[in-house]
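Notes to accompany the following structure.
The values are calculated or read from the model by the stated rules, or taken from the named source; none is laboratory data. These numbers were taken from a predicted model, which means no experiment stands behind them. We place every Cβ from the backbone using ideal geometry, glycine too, and count neighbours over all the protein chains shown.
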Amino acid sequence: MTQEVRMSGEDTQIAPATARGRRRRQGPGRVARLTLPVVLPLVVVVIWEYVGQRGLIANGLFPSASKSVLALVDWVTGTGSVQSLYSGTWLQNAWASILRILSGYAIGGALGVMFGMFAGISTVMRRLIDPTVNALRPVSVTAWIPLALILFGIGAAPAIFLTSLATFFPVYINTLSGVRYADGRLVRAARMLGADRRQVLTRVILPAALPSIAVGLRIGVAVAWTTVVVAEILGAKSGLGYVLIDSYNQFRFDYIIACMFSIGALGFLTDKLIEILFERRLKWVIRGGQI
């Protein structure tokens, strides 16, 4: 009886310590998880507002946070106190950029997946495609801009071409890696069970490569937004990039910040959209703890 009481007492002493250790392993609480992500942005905004109001950077040309927000509101709604050439035209210019992104991203993504699959499953195709792709990949997309302007002129076409090019490379590399490093045991097992080449490709290799393809597409959409803005700066008459460079020429630096915020927000939303689209297909990977 004495031993049982002692053991019981030890258990009651150990339990709180175990609970505390479990709470520590679980990480920060709910309030901390909600507040921590906004701490750094708030600090940045406060410093930004102070620096902008005091005119401490660029001889006072650098706009404050509040002035940039007002410019964004005017750009979106056209109801700002200080009207500009682009008041109320945000949707028009954002839609122009989105259409170029969708077109170029769809072309580059589809070609990247297709060529990556071919190169991954066939040694002959890999030797045919891979050297050329790896030779062109280090060439910066901006280096293609003069050629794109010569070939397609001013307008949407060069932006779509450059966006397709920029999207293709990360999608191709990730697709190729996913296909080449698919688990060989699964492929052998499928063949032993009588699966033909098409079934092995669609039922084994493609699902195994899907996480890598998803990563490539997410990288590709970020690169696509960067590229389309650069293309619009140099060769378009509409879009967020065009407004950004034109605002610079008009010394509307608050609009420059508004453009940057818009590009970041739209890029974040498109990335999240791709993540959501793949989430259902990749539940088996998430549950397995691989990502």
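Here are a few things to note about the model shown:
- Any hit, segment 110-118, residues being under 18 Å from the mean Cα position of the chain (by Cα), farther than 18 Å from Leu217 by Cβ, in the same structural domain as Ile233 (by TED's automatic domain parsing) and at pLDDT 90 or above: no
- Against the test of being hydrophobic (A, V, I, L, M, F, W, C) and exposed (fewer than 14 other Cβ atoms within 10 Å of the Cβ), the options Val45, Val51, Val124, Val76 yield a single qualifying residue, Val124.
- For segment 138-155, the set of residues classified as over 14 Å from Ile233 (Cβ atoms), assigned to a helix (DSSP H, G or I) and of a type outside the set (Phe, Trp, Tyr) consists of Ala143, Leu147, Ile150, Leu151, listed by residue number.
- Enumeration of residues in segment 137-185 that are over 20 Å from Val229 (Cα atoms) and of a type in the set (Phe, Trp, Tyr): Tyr172, Tyr181
- Residues of segment 216-268 that are among the hydroxyl-bearing types (Ser, Thr, Tyr) and in contact (Cβ under 8 Å) with a residue 12 or more places away in the chain: Thr226, Thr227, Ser238, Tyr242, Ser247, Tyr255, Ser262.
- Among residues of segment 269-279, those that are under 16 Å from Pro211 (Cα atoms) and either free of Cβ contacts under 8 Å to residues at least 12 places away in the same chain or in contact with a Leu (Cβ under 9 Å, 6 or more places away or on another chain) (or both), counted: 7
- Residue match in segment 99-118 (condition: in contact (Cβ under 8 Å) with a residue 40 or more places away in the chain, buried (at least 20 other Cβ atoms within 10 Å of the Cβ) and of a type in the set (Ser, Thr, Tyr)): yes
- Of the candidates Ile213, Ile276, the single residue that is buried (at least 18 other Cβ atoms within 10 Å of the Cβ) and at pLDDT below 90 is Ile213.
Residues are listed down the side, and each one gets a yes or a no for (1) over 27 Å from Val230 (Cβ atoms); (2) at pLDDT 85 or above; (3) part of a helix (DSSP H, G or I):
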position	(1), (2), (3)
Lys67	no, yes, yes
Ala71	no, yes, yes
Gln83	yes, no, no
Tyr86	no, no, no
Asn93	no, yes, yes
Ser97	no, yes, yes
Ser103	no, yes, yes
Gly108	no, yes, yes
